[in-house]
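The values are calculated or read from the model by the stated rules, or taken from the named source; none is laboratory data. Model, not experiment: these values are computed from the prediction. All Cβ positions, glycine included, derive from the backbone under ideal geometry; neighbour counts span all protein chains shown.
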Amino acid sequence: METTKKYYRVERREISFLKFIIEAYDNMAIIRTVDSAQGVIALHISPGCETAVAMILNDLRNDILIEEVDMRETGRGTGQVQADNWI
């Protein structure tokens, strides 16, 4: 199954909260931490769930910082992040 992968910057202290909220919706998406220092996460969204995930993120934006990022902007001087890490 091919997932849609999107990257977001969130407040570091909110990464675990966001993970629990998103993963509470079984099989909709998983979150991986890409750069914990910068609060960059990767969302792996299951096929057909893109709209539902977007709605959840839009609602959460009322309470926490969530901004989509281009991976080329997240590297530490290299323009790239080396590898995703599981939260």
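Note on the stretch 1-40: among residues that are more than 22 Å from N62 (Cα to Cα) and among the hydrophobic types (A, V, I, L, M, F, W, C), the one that is surrounded by the fewest Cβ atoms within 10 Å (Cβ to Cβ) is M1. Of all residues in the stretch 42-74, those satisfying the criterion of being under 23 Å from D26 (Cα atoms) and part of a helix (DSSP H, G or I) are E50, T51, A52, V53, A54, M55, I56, L57, N58, D59, L60.
Here F17 meets the list (1) under 13 Å from the mean Cα position of the chain (by Cα); (2) part of a helix (DSSP H, G or I); (3) closer than 23 Å to M1 by Cα almost entirely, failing just condition (3).
Filter the stretch 3-57 for residues that are among the small types (G, A, S) and in contact with a Lys or Arg (Cβ under 7 Å, 6 or more places away or on another chain); which is modelled with the lowest pLDDT?
Applying the filter and picking the extreme gives S36.
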